[in-house]
2 protein chains.
Amino acid sequence: MYQLSMGLAYFRANTHLKSSTFELFFRKPPFGGEFCVFAGLDQVMSHLANFGFTESQLQYIRELLPEADDGFINYLRNLSCSSLTVTSALPGSLVFPRVPLITVSGPLGLCQLLETTLLTLINYPTLIATNATRFRLAAGPSPTLLEFGLRRAQGPDGGCSASKYAILGGFDGTSNVTAGWIERGLKVSGTMAHSYVMSFRGWEGYGGAEDFATEVREVRDVKWPGTNEGELRAFVEYAQCFPKGFLALVDTYDTMGGVYNFCSVAVAMGRKGLKPVGVRLDSGDLAYLSRECRRVFNEFKASYPALEFWDGLQIVVSNDINEEVLVALGKQEHCITAYGIGTNLVTCQAQPALGCVYKLVEVEGEPRIKLSQDIEKVLIPGRKRCYRLIGSDGSPLLDLMIMEDEAPPTPGTRILARHPFEEQKRCFVTPTSVVPLTTVVWKDGAPQIPYPTVEDGRRRREEEVEKCREDHLRTHNPTPYKVSVSHGLYKFLHKIWLEEAPVVELS
Amino acid sequence: MYQLSMGLAYFRANTHLKSSTFELFFRKPPFGGEFCVFAGLDQVMSHLANFGFTESQLQYIRELLPEADDGFINYLRNLSCSSLTVTSALPGSLVFPRVPLITVSGPLGLCQLLETTLLTLINYPTLIATNATRFRLAAGPSPTLLEFGLRRAQGPDGGCSASKYAILGGFDGTSNVTAGWIERGLKVSGTMAHSYVMSFRGWEGYGGAEDFATEVREVRDVKWPGTNEGELRAFVEYAQCFPKGFLALVDTYDTMGGVYNFCSVAVAMGRKGLKPVGVRLDSGDLAYLSRECRRVFNEFKASYPALEFWDGLQIVVSNDINEEVLVALGKQEHCITAYGIGTNLVTCQAQPALGCVYKLVEVEGEPRIKLSQDIEKVLIPGRKRCYRLIGSDGSPLLDLMIMEDEAPPTPGTRILARHPFEEQKRCFVTPTSVVPLTTVVWKDGAPQIPYPTVEDGRRRREEEVEKCREDHLRTHNPTPYKVSVSHGLYKFLHKIWLEEAPVVELS
């Protein structure tokens, strides 16, 4: 409603067509870290392409804004994003505070109307991709990470965004079928839950293969005759239904009993030439229980050495896993091969919102500044260009913002880079290479790059994480990454600041 | 994917048509409180009415589940919710741990398929309605509460759900136009943001009424000639565009300068018989600045006593407000009349997920139990009926669950109510009245109640909060509210528990 009210006020003041530039950026990285992984550009590009108001929406806007006349409604009716130029970071990029992620240039009224939508479409995807990247860094490269969060997500499309951008951030798959249906190519997986196991009691009405069931029971009776019979039946049914996908949830009644039930079914499968997948633990001390699982697998391996799958069985764990749990598990001995992570990933428990803002920095070529008593909230005025300066070892040294008419930094040339606000923080830097941080993604009413896919983003994130110094990425107390301005931009910022800031008169 | 995998396994085991009952409930209230405000039933009813798979979805399911044969796909193709009976709490009800919010009875396979969707459609709406209710309790009944969170929401539909269920929980309006467009009747409001103010510099190109601008500047020059000229121009333009809706954002450059600019415009408006609305503060010490605003309003009132609006001017504040800030402001002197609350409301910063679960409690009339080493996670088996027992002063005494074949509690009759797990926690209770906690909302393929509106929920919440003892609702250390089982259900639960729990053999 803010954007529509302001849109009308611009229209009335006849400033709606003035050329303007807005920047979308964040001030503080989430989760106590130093970085974000940029995501959501695909949604933004799709919004730019489809932007417009239907007649029914225009009618509703008339009701909300009785001050709106036919002229304004007609203006909205004919509005499209053909007059915008949008530059952006690319999905999967490591991005840092205050550097514009998206820059929107075009008529003031139109640029203003996009504010809330662009923020919504970037804030959550970037937050999720960043969270997933941190989970991946905490878990290390080997384990499989599966996103299980739809049931606790903040709305169904929140859940679908979470699935997609968690995979961009380094997860391997999701249990969310709708996400996979919308975004083909996402790996979708899921096995059984407690209700499935609980739905069976004993063998009454069993209609599966009798010899298979008999064999399973015989194996079980040798090893641990007291296991839950309904659970054993549930596993036998599931194994016959999914001969290539038998992953058993073992903690409905008693975890170790469940593991013996699983192994009994596994033996009978193995004798038919089938390969079971493994077990899932959803409660208890996961490190300890995973070791116990492995111990039982080894016990069965000793008894049934002809079956070759024992060492390869998966031990999937779930139950309120977050970054801290992953870090803690990393310090313990465990035999976990995969994690199912839901609530804490998708709702970003540690910080459920990213604070991207969308700020006007220039009107008709004139820079704009917003002041604040909180220095971090002062805006760096004017349109800028942004570069990542790379050192001789290939890792980024710092990000540099310059004014649009300044000469870009060049490899091998020494320049002064300054903290935007703190006078004494400055350094000389001689980059080995220089990478522009933004790309024109939308111009003349058309996308200027192919729509970014999840796979593109995933690959870029892997490359950038690989090149970045580890201490910038670490979970606790990461080394600050420098985001600097050129000496020219520094002087310009402070000149404008002095001009606009009122001098208080005390008496 | 879990639900589809299990659905196929049930189908293969030929148990998919067995009659079953699932309960949806939470174990622990969010935000350190004792209650939730139930919400989301409208979405659930709409899902039940529209449940089904398209051919393209069925094709995708075939790809995901190569084990699925034509029989299963046909089963899915013909599936509808006509065979279900669903009982539910009504939106806006105060609800407590372990009491079923929704009970779904019908064929096992179908009931299972609904799990994730029902959880998604209840968890977040109930979390938001609860959060909003807590914000309302912390703010007290008088101030206007506005939801401003779309830009930080976890996805666009998360944002729209937040707007709707925040209003159910006691907010007065939202800035989210799409939410209002989808759910007519929500009050939508919004004024100006910093970019609007920043877009103006001085008076060049001013095309509004000259006399109005001149008068504003004259008033301003008497009071505080040094205020920001671009801001003054922005206010003059806005006041002419919105003669009935002039609410000015005053902190773009200097808050008190902004207040003087607002008042100067207000005087000129008043002389034309118009009534300005007030100011918004978006930074700084909100309690202090609100008092300063009121002081300046009073100063202008002394100078321009003929204008009658000074006492009624609104002081709206925003900027990272959460429940704690509201509680803290309640203890200070301030002149705030309205709060704009975004991030912390819609993303539920204090706890971003509600942990509702959906559990199988009965198959073909036989109760099912899930055990756990964590007692709180043990399931209360079997289908039940639930009642709220009301005391002589009209406030709830406790919620009581009984087995389906037990006699319901009756007013004036003394009964024993027991804690489900802790033997020594029990009480006698003689209710003055007894209210069933659930209503049949879906049966024979059709809704059994009118679709619940936001207004219905809002009214019910108000009534129930009004009746509830304050100490159950308070922010810090609330008194636990008793959720009990009948003596019969207690004995039944513990009998089944003993039957299913394995006796460990130590050696």
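The numbers here are math on the coordinates, done by the rules we state, and not lab data. Every value quoted in this text rests on a predicted model; they were computed, and no experiment measured them. With ideal geometry, Cβ positions are generated from the backbone for all residues, glycine too; neighbour counts draw on all protein chains shown.
Run down the lysines and flag those whose C-alpha is under 19 Å from the C-alpha of B:Lys275, throwing out any fewer than 8 positions away in its chain.
Straight-line reach from B:Lys275, under 19 Å: B:Lys244, B:Lys301.
Could you order the peptides A:440-446, A:43-49 from most to least packed, using the average number of other C-beta atoms within 10 Å per residue?
Highest-to-lowest ranking by the protection proxy: A:43-49, A:440-446.
Along each of the three principal axes of the Cα atoms of the range A:79-203, give the extent in whole Å, ordering the values from largest to smallest.
72, 34, 23
Going Cα to Cα from A:Lys467, which lysines come in below 21 Å? Please leave out same-chain ones fewer than 8 positions away.
A:Lys482
Would you list, by chain and number, the aspartates and glutamates whose Cα falls below 12 Å from the Cα of B:Lys28, excluding same-chain residues fewer than 8 positions away?
B:Glu376
Can you pull the percent of Cα pairs in the range B:17-60 with separation above 12 Å?
78 percent
Mind jotting down the distance between the C-alpha centroids of the range B:420-499 and the range B:91-106, whole Å?
Computed from Cα coordinates, the inter-centre distance equals 8 Å.
Taking A:Gly52 in one copy and the same position in all the others, each labelled 7 Å out along Cα→Cβ, what are the pairwise distances from the first, in nm, shortest first?
Spacings between copies for this position, smallest first, are 3.0 nm.
Taking every pair of alpha-carbon atoms in the range B:291-369, what share in percent sits in each 10 Å bin, from 0 to the bin with the longest distance?
For the range B:291-369, the binned pair fractions read 14, 27, 19, 14, 11, 7, 5, 3, 0 percent.
Grab the alpha carbons of the range A:360-461, take their convex hull, and tell me the volume per residue in Å³.
Cα convex hull per residue, to the nearest whole number: 160 Å³.
Take the Cα of B:Glu299, step 7 Å along the line toward its Cβ, and report every residue of the range B:193-237 whose backbone nitrogen sits under 13 Å from that point.
What the label zone holds, given the 13 Å backbone N cut-off, is B:220-227.
Taking only DSSP H segments of four or more residues, each worth -39500 (n - 2.57), what value at 222 nm results for chain B once the sum is divided by all its residues, to the nearest 500 deg cm²/dmol?
Theoretical 222 nm ellipticity from helices: -12000 deg cm²/dmol.
What is the log10 of I(q)/I(0) for the range A:58-128, computed with the Debye formula using one identical point scatterer on each Cα and no solvent, at q = 0.11 Å⁻¹?
Log10 of I(q)/I(0), two decimals: -0.40.
Along each of the three principal axes of the Cα atoms of the range A:255-310, give the extent in whole Å, ordering the values from largest to smallest.
33, 18, 15
Would you grab the residues whose amide H sits under 5 Å from the one on A:Gln314? Only those 5+ places off in sequence or on another chain, please, with H modelled 1.01 Å from N.
Placed amide hydrogens put A:Gly278, A:Val279 under 5 Å from A:Gln314.
For the range B:90-186, which trypsin sites (Lys or Arg not before Pro) are in a loop by DSSP, counting at most 13 other Cβ atoms within 10 Å?
Passing both the DSSP loop test and the Cβ count: B:Arg184.
Taking 7 Å along the Cα-to-C-beta vector as the label spot, tell me the B:Asn319-A:Glu204 distance in nanometres, rounded to one decimal.
Taking the two extended label points, one gets 6.8 nm.
Identify the residues of the range B:37-66 with backbone N under 15 Å of a label point that sits 7 angstrom from the Cα of B:Ser19 along the Cα-to-Cβ direction, or state none.
none
Restricting attention to the alpha-carbon atoms of the range B:161-281, what are Rg (one decimal) and Dmax (integer), both in Å?
Rg then Dmax for the range B:161-281, in Å: 16.2, 48.
Two decimals is fine: what's Rg over Rh for the range A:137-346, C-alpha atoms, Kirkwood radius as Rh?
When Rh is taken as the Kirkwood radius, the ratio is 0.98.
Can you compute the equivalent ellipsoid semi-axes for the range B:225-344, i.e. the square root of 5 times each eigenvalue of the Cα gyration tensor, sorted largest first and rounded to whole Å?
Semi-axes from the Cα gyration tensor: 24, 15, 13 Å.
Compute the convex hull volume of the Cα atoms of the range A:286-327, divide it by the residue count, and report the result per residue in Å³ as a whole number.
Cα convex hull per residue, to the nearest whole number: 68 Å³.
In 20 Å bins starting at 0, how do the alpha-carbon pair distances of chain B split up by percent?
Going from the shortest bin to the longest, the percentages are 20, 42, 25, 11, 1.
Full-extension gain between A:Thr85 and A:Leu58, please, as 0.36 nm times their residue separation minus the C-alpha to C-alpha distance.
7.2 nm
Are there trypsin sites (Lys or Arg not before Pro) in the range B:293-387 that DSSP marks as loop and that have at most 15 other Cβ atoms within 10 Å, and which are they?
B:Lys331
Would you mind checking the radius of gyration and Dmax of the range B:296-433 based on alpha-carbon positions, in Å?
26.0, 80
So what are the radius of gyration and Dmax for the Cα set of the protein assembly as shown, in Å?
When restricted to Cα atoms, the protein assembly as shown yields Rg and Dmax of 31.0, 99 Å.
Would you please name the GluC sites (Glu not before Pro) within the range A:163-211 that are DSSP coil residues with at most 10 other C-beta atoms within 10 Å of their C-beta?
Hits after loop and neighbour filter: A:Glu204.
Given points 7 Å out from each Cα along the Cα-Cβ axis, report the A:Lys187 to B:Asp393 separation in nanometres with one decimal.
6.0 nm
What share of all Cα pairs of the range B:240-282, in percent, falls into each consecutive 5 Å distance bin?
Going from the shortest bin to the longest, the percentages are 6, 26, 33, 20, 12, 3.
Let me check I've understood the local charge: for B:Ser82, count other residues with C-beta under 13 angstrom from its C-beta, Lys and Arg +1, Asp and Glu -1. What total comes out?
For residues surrounding B:Ser82, the net value is 0.
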